[in-house]
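A short write-up of the structure that comes next.
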């Protein structure tokens, strides 16, 4: 069965004055209808760039997609605006952004900005589009929708604007909604409301959500599947339970350590991950996380780790998962028997190499 | 096989899984620590256009201040033999004998004759001798001279003289002759002295001559050198030609540069300083004083600028012998300080609210310290940029006012007044307009580009999106 | 909004009053007096003239009379042409200047927006470099040089074509207006192109343009509905100063092209020290410019909802 949306081996580069930045280095994932995939990572890990590349939002130049594919129901649409007469962006896939305050046109009425999508993709008449825009505003629970539709973004609060963004993104009933840190710029109580809203709409329409975030609490609450990104690669991909209870990558462990939890008492010390992400002008030869990893080994310096499969839904890109790696690391999940943990890509393994 | 990790294949050994230990495996990112101004200077140096404009400005200053030491020609000196000379024009002159009056109306010996209106001797800048045959039914004639070929009998040029004496069929022209082509015409006059349509014309190519005495007096030849008639001497050199009064263009451009740059640099400096003090006081005092001070500034800003500049010049009334530079300076300062004042006040108000100022206050910093350590360094960049952009606009204003005759009074040279004078002879001697206009343009261009570069270098927030 | 309009108009009136006062006292402090010279040859004639112009009264009274006359829109009689009222001069010559000015402002604004948008869209490519080079020229070359060069070029063009393509000077038909208006608008157009370019570049990288792209809007719609609209706003804010620059720039262009506009008349009056004409035209121009700036501000606040609704 083909996934609703699948991205394979995506590579994105940026040509800058300082040289070429390899922002995304071989990212693959897929998502099914009704599912929520969370992409987690710190700033600069390439999570936003990945989704912007899929949506064709990367300015080219300086950006460049060097490899990879993005398929909707099995058909590659990467670098194309339309497929089978339907536009991908705004129609099949909707997207909302981090900062709703600056993501709406300041000189255009809210209603017009929503109606615009319907006019362009669905050939609505201006009157129908306006009526539908008001319905959408009601859907995202904006009070006094008819009056609010005629207002401008500066008359709205941040949370309200994010609702407007959602209304705009789901106007054409997309199959996938990409939410790029939708709650980062909002305060905590509003965050919860926005997340609830997204879940409600998902339940109603059965759309898939790809949630980009750096907040593990949001992941725990929303996601079915999680992909952890670091330095332009997915270092661990898992279901949400596997990720939290069977973490298989030192970076994931580090993230968890840095996150407060309900069980932790007031004496619990949050431990930040030391150091900073590598310079993507010249990615390190071996594992990108090596310099910050407390368990780094000789091989980590010289070879980029293979992706090891722990279960059907769980992979980790770490040499610690290698069957011949002798150490046990506290908190790090490993496959039950040595035999199960085998690399997804077979080349780096001795048994295959000549 | 796969593309994974550049296709590196190797057999992993047990030693590969040895822990690395605590040593850091990547070199720390070390960046040299640089101050704001060092950083700005590095950014400016990387900006090619800004750097070129910086060299241009330095070049202009050299031209203005060092130039007159090298090119020691009086900008007010008139070279009457070379008026409105284009750069690179022929400046040779032949030594001729001293002028002697022409009394007999005879053709000079060895000079080819002819018929009709003709020359009686080699035409020189000392004199042109014309001779013609008597025309039927006329005894009075009028002689005309024209600078252009005669096409229309109605347009013969300047009338030089009426010849009314009997049996005189010759005329000697000594009126302000230049080394160029002239077109003479002799018209028959009727009994009433009215010109008829009967006339003859001749084209005369006047050669430049100078007497030996004069050549010596002007120092065109060395003291010991002998001069004979027919020798060639070189007239004074004007690399950029001369203007309509025979003044050296290069020397005048240098003199004009002094005036234009004096106004262009000093006026902005003065009003920016006044604006900074005023704006900073308003911003720092705040409250009622700030409001009153800013109302007043708003008010001056609302005045139509050039109109009031003109009015100022009228009111000051440039008397004889005055250059009009000081009134213009005062007018510029009086009208332009509020823009800087507003800008600086805005900056100060903004900085006052910054967290680092609050932090400094919490740590017990004095007013004095706040102003010295936070306010001034953080507004200096903006002020510097304002100053750079103020220079071209002051130069423009000077040029504009001088151009409409409301600026620097003649004979003081400024680029604007030179343009004004050059405009009159634009069609025949374009160099008189082109050079001062080019100087204005280059200066304004250089300061504009420098301003852009400074803005980009000093403040990333003010960075123009170019 | 209404309160704002009222406040601005009130401010404008005070500014105009200040201009009038400054002009009046300025002109009356000019060294020498307007009647010295050949016209007042005898004491009797002089006394007559003084009475005619009201110069025999105390300065304070003259000021009150001046203000009163101004309120009624009466600027008095010219000193150099004693049969002409200043009002007639303004009425006759201002329409010419206004036509030229409006044409120049239109050329400058439309040209600036067009070229600015174009350079932003072609950023760092050949059209951008060419236009920005011309823009730098336009900013650096004074208007009178453009006027002179334009005229020179036209003379050459006409003689090359062997007929009058466009008249070199004078006024009357549209063909007379084209070159002067272009020359007059050129500097402002260059300035506006620059402004539009940086404003457009800022808008192009704005988050809401990314949103528009994510909405799958066609590029043409993004350009017209989202980019152009927002990028033009800063250009509107400088329209006021632009009108002032073009009006005063008109003095020179009218001079060079021998256009019978009020600007040329004003410069002439200044050179001949024709006091009533100077005062009248200064106050008139001042009031015109002050209210144009206010008008532009009001138009801006109406166009930008963020200002309109606050």
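Every read-out reported here was derived from the displayed coordinates using simple, explicitly stated rules and does not represent laboratory data. Predicted, not measured: the structure shown is a model, and the values here were computed from it. Here the Cβ is made from the backbone with ideal geometry for all residues, glycine too, and neighbour counts use every protein chain on show.
List of remarks:
- The calculated 222 nm mean residue ellipticity attributable to helices in chain B amounts to -15000 deg cm²/dmol, summing -39500 (n - 2.57) over DSSP H runs of n ≥ 4 and dividing by all residues.
- Put the Cα centre of region A:30-100 next to the Cα centre of region C:43-57 and the gap is 87 Å.
- The Rg/Rh ratio for region C:92-280, using Cα coordinates for both the radius of gyration and the Kirkwood hydrodynamic radius, is 1.08.
- Inter-chain neighbour count for C:135-143: the average number of beta-carbon atoms from partner chains within 10 Å of each residue's beta-carbon is 6.
- Ranked B:145, B:258, C:52, criterion: other C-beta atoms within 10 Å, fewest first: C:52, B:258, B:145
- In this entry, region B:359-455 is assigned a mean projected area of 8.7 nm², taken as a quarter of its C-alpha convex hull surface.
- Shielding by partners for peptide B:434-443, expressed as the average number of C-beta atoms from other protein chains within 10 Å of each residue's C-beta, is 3.
- Across all C-alpha atoms in chain A, the radius of gyration and Dmax reach 21.5, 72 Å.
- The angle between the Cα long axis of helix B:431-458 and the longest principal axis of the Cα atoms of chain B comes to about 0 degrees, rounded to the nearest 10.
- With bins 10 Å wide beginning at 0, the percent of Cα pairs of chain B falling in each bin runs 4, 14, 17, 16, 13, 11, 9, 7, 5, 3, 1, 1, 0, 0.
- Inter-chain Cβ neighbour average for residues A:295-303, partner chain, 10 Å: 5
- Packing, as the average of other Cβ atoms within 10 Å across residues, places the peptides B:361-374, B:66-79 in the order B:66-79, B:361-374, highest first.
- Largest-first principal axis extents of the Cα set of region C:63-105 (Å): 38, 23, 12
- The equivalent ellipsoid of the protein assembly as shown has semi-axes of 78, 38, 29 Å, largest first, where each one is the square root of 5 times an eigenvalue of the Cα gyration tensor.
- Share, in percent, of DSSP beta bridges within the protein assembly as shown that are antiparallel, nearest 5: 75 percent
- Packing-based order for C:54-63, B:267-276, B:410-419, A:251-260, using average beta carbon neighbours within 10 Å, highest first: B:410-419, B:267-276, A:251-260, C:54-63
- Legend: Rg and Dmax of region B:289-416, from Cα coordinates, 19.5, 62 Å.
- Rg in Å to one decimal, and Dmax rounded to a whole Å, for region A:127-248 via C-alpha atoms: 16.2, 54
- Using the alpha carbons alone, the radius of gyration of region C:144-187 stands to its Kirkwood radius in an Rg to Rh ratio of 0.96.
- Hull shadow area, averaged, region B:209-347 [alpha-carbon convex hull, nm²]: 13.4 nm²
- Computed [θ] at 222 nm, deg cm²/dmol, chain C (DSSP H ≥ 4; -39,500 (n - 2.57); rounded to nearest 500): -25000 deg cm²/dmol
- Computed Kirkwood radius, in angstrom, where 1/r is averaged over Cα pairs of region C:220-305: 15.0 Å
- The helix-based estimate of mean residue ellipticity at 222 nm for chain A, built from -39,500 (n - 2.57) per DSSP H run of four or more residues and divided by its residue count, is -8000 deg cm²/dmol to the nearest 500.
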